Every structure is written in C-alpha cells, then in structure tokens.
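Step one of this worksheet: look at the structure below.
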Amino acid sequence: MTKTYIWSLFTRLFHILLIIAVCAIFLIAEFENLLDYHAIVGYTIGLLLLFRIAWGFLDVKHSKFKDFNFNIEDLKEYLLNIFGNKKEYAGHNPASSWAIIAMIILGLASVISGVVVFGTQEGMGILSFLNTSRYKDMDFFEDMHEFFTNAFMFVIFIHIAGALLDRFLHNSKAVESMIFGYKEGDGKSVKLTRFQQLFGVLWIGLALILFTYLLLTPSNILIKDSNKAVDYRAEHEQFYKECISCHTLYPPYLLPKESWVKMMDDLENHFGDDASLDEADKNSIKDYLVKNSAQTSTKESAQKILKSIKNSDTIAVTKTAYWQNKHDAIDKSIFKSKKVGNISNCKACHKNIERGLLNDRDIQIAKGV
C-alpha cells in the first residue's frame, strides 16, 4: 500500500518533546523541593504550545488548523462508529482535532495559572511582585491551577486512550505515524517551505535553549526567588538571643498574633521549661512577634497556617493542621534520627529557616540515623 508523508519532522518533534515534558512535570509535581524544575518544565511546555499555535497558521499540510475537522456531525459519526467501521482520515480525525485544541487551551491555561501561583504564593518568578497583602487569598489561584492541570491531563489521557484503541482495535498506524511521519494510504504528502523549515528549527531550538538556560541559571527572572532573607539579630537582638539559645529560631510569621501573645504571657510554662524574662524584655519580644505574625505576612506558610489553625490556643507550629499535613508523608523515624532529634528541629531540613526563608527549593530531608 502507498505511504503518505503526513507529519513533518517538526510536528513530530513537538509531539515527542511535549510528551516528555508532560510526563516529567507530572512525576515531579508532588515533590516540593523540585518546584524550580516544575516551573522550568512548565515554561518549556508553554513555549512548545505557542509553537504549535503558530505552526497551525503556517499552512503546513495536515498540521494547519484549516485542515482540522471541527464538524460536529462528523464528530458524532466518528464516535458512534469508533468500535465499528469508522472513516479513516489522512490527518487528524474529528475527535483528535477537538482534543488538540482543548489541550492547547488547557495547557496554556495551566502554564499561565502556574506562573501566577509561582508569583503570588511563592514570591518567585516574573510575577513575584504579586506576593503582597492584596493577594493574600492565594487558594483561588492554586485551585484554578489545579483545575486547569487536571483538565489538561484528563484530555491527554482521553487522547492517548483513543489512539491506543485505534491501534489495537482497528490496527491503525496513527501512533507509528507520529513517530516516523508516514501513514498508509493515498494522499498529499507534506512538504515544508524554507521559511517553515527555518521557523521549525528556530522554535524547537528555542524551547530546548530555554529549558537549558533555566536549568543552569536559577537566578534568572523566570524562576528567581524574590524572598529576602531576614537578619533577626539586627532586627531584634533580644528575640534572636533568647530564642536561638535554646531551639530553632522560628520566623514570627509561622504563628498568628494570638498564639504569640498566649506563649509570651506564659513563659514560665514554655513547653515544659521555665523561660521567664524580665517584663521589659518580654513585652519587647512580644510586640515584635505580634508585629511580624502570620496576619502581617504574605508567605505561603503563614497564610496556610492561619487558615488551618482551629483556635488561638495553639502555640506550637507542629500542632497546626497545615504542618501536620505537610509532614504526614515523611517517615517518622527521620524525626527521631540523630540528625533531627525531634519534630521541632526545623532547621535540620529547612536550612534557611533562621533567616526567615522556608522556600521549597531549600528543603533537604535529613537522612541518616
């Protein structure tokens, strides 16, 4: 049977790179210390999708949007006959035509919402300036990002399931064609112009260059961390000296003001110890803690602790629902290891906590006995 060259090299490269990127971002999504890599892959996906949009308008046979079949009646007929004698299409069938548009829209929405969350919640990237009191209610942006990414993955799953069904039920070579470019049957082969070839080289190359650049330069504007370290000794020496002499220096934003007031007013019973201070020092430290408490912070951890705390009697960060949920998956033996000792030794894994930083990129789970 005659073979027709349907998918150009750049269409196939886009497809393969997108598959790799989506698999990578899905696998690392649950690892908070890999957030930078999540963002890097996300930006790369965004650039690849922009390439696909441009490619769809460059008059590339079978890949251009004009060759997509968006006819609703054809879609109904295709789906109703999916297990029977369905019509074969040289390029995209009606179902895949709609799926590709949905994936492009949802993919870009996922990237854009991810950039917004990265900025508003983490204080990182090009939208880090949005990490202000105006955007304290960060859950909305996070919920939107999760909605778009889940919808994106759902459409991808349906698209893959359809391709595999076509492959094993009808012995279609659609999957192989996206690898090698050819489909069996008579039709017009794709032939790229010099401009299309140059555009493909530049855009695919740009995606790979962007990925490499972001990977090698963590201080670049797209993933730069705008959170500033705090010199607590310089800000309030008494707070620094009294707290760090006994335990990890906890940033004031990790508890609401009510918790700090309760704690400071009962230093005689400070987690089993008498940490009494003279009245002047106690009031000075208390005022500093209240002034810099969770209510005054735009940090992600501060806002989520505020929402998770059930009553103002909670004076231990480790007793908040947010802390417990975030650390639930960690092997309990780690907290008892010599390197950690107990659950309150936050600096064992959060190396910059005593400088006011609890960034995901800094998380290093302590290992060893």
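Before moving on, here are some points about what is shown:
- Any hit, segment 77-97, residues being under 24 Å from E146 (Cα atoms) and either modelled with pLDDT of 95 or more or not assigned by TED's automatic domain parsing to the domain that holds D143 (or both): no
- Among the conditions (1) modelled with pLDDT of 90 or more; (2) within 30 Å of T314 (Cβ to Cβ); (3) part of a loop (DSSP other than H, G, I, E, B); (4) not hydroxyl-bearing (S, T, Y), L222 misses just one, which is (2).
- Any hit, segment 56-69, residues being under 23 Å from F195 (Cα atoms) and of a type in the set (S, T, Y): yes
- Hey, L130 at pLDDT 90 or above and closer than 30 Å to N220 by Cα or not: no
- Matching residues in segment 289-310 - criterion: being closer than 14 Å to N325 by Cβ and in a loop (DSSP other than H, G, I, E, B): I309, K310
- Single residue of segment 204-219 satisfying the filter (part of a loop (DSSP other than H, G, I, E, B) and among the hydroxyl-bearing types (S, T, Y)) that is surrounded by the fewest Cβ atoms within 10 Å (Cβ to Cβ): S219
- Taking (1) over 19 Å from I343 (Cα atoms); (2) not in a helix (DSSP H, G or I) in turn, T248 satisfies each apart from (1).
- Residue check for F152: closer than 30 Å to N292 by Cβ, assigned to a helix (DSSP H, G or I) and under 22 Å from the mean Cα position of the chain (by Cα): no
- N352 being in contact with an Asp or Glu (Cβ under 7 Å, 6 or more places away or on another chain), farther than 22 Å from V261 by Cα and surrounded by fewer than 18 Cβ atoms within 10 Å (Cβ to Cβ): yes
- Scanning segment 325-352 for residues that are assigned to a helix (DSSP H, G or I) and over 22 Å from the mean Cα position of the chain (by Cα) returns K332, S333, I334, F335, K336, C346, K347, A348.
- Qualifying residue in segment 192-203 (condition: at pLDDT below 85, polar (S, T, N, Q) and assigned to a loop (DSSP other than H, G, I, E, B)): no
- Qualifying residue in segment 332-347 (condition: basic (K, R), over 20 Å from V261 (Cβ atoms), surrounded by 15 or more Cβ atoms within 10 Å (Cβ to Cβ) and touching a Leu at 6+ places or on another chain (Cβ under 9 Å)): yes
- Applying the set (1) out of contact with any strand residue (DSSP E or B) (no Cβ under 8 Å at 6 or more places or on another chain); (2) under 23 Å from E30 (Cα atoms); (3) surrounded by 14 or more Cβ atoms within 10 Å (Cβ to Cβ) to L358 leaves exactly one unmet item: (1).
- Residue within segment 104-112 that is out of contact with any helix residue (DSSP H, G or I) (no Cβ under 9 Å at 6 or more places or on another chain), closer than 30 Å to I330 by Cα and of a type outside the set (K, R) present: no
- Look at (1) not assigned by TED's automatic domain parsing to the domain that holds F118; (2) not in a helix (DSSP H, G or I) and you find that K241 fails only one, number (2).
- Test result for M178, under 33 Å from the mean Cα position of the chain (by Cα), modelled with pLDDT under 85 and under 30 Å from S113 (Cα atoms): yes
- Within segment 229-238, considering residues that are outside any helix (DSSP H, G or I) and touching a residue at least 60 places away in the same chain (Cβ under 8 Å), the one nearest to the chain's Cα centre (by Cα): A229
- From A321, A329, residue being surrounded by fewer than 17 Cβ atoms within 10 Å (Cβ to Cβ) and modelled with pLDDT of 85 or more: A321
The values are calculated or read from the model by the stated rules, or taken from the named source; none is laboratory data. A quick note: this is a predicted structure, and the numbers were derived from the prediction, not measured. Cβ atoms come from the backbone with ideal geometry, glycine included; neighbour counts cover every protein chain shown.
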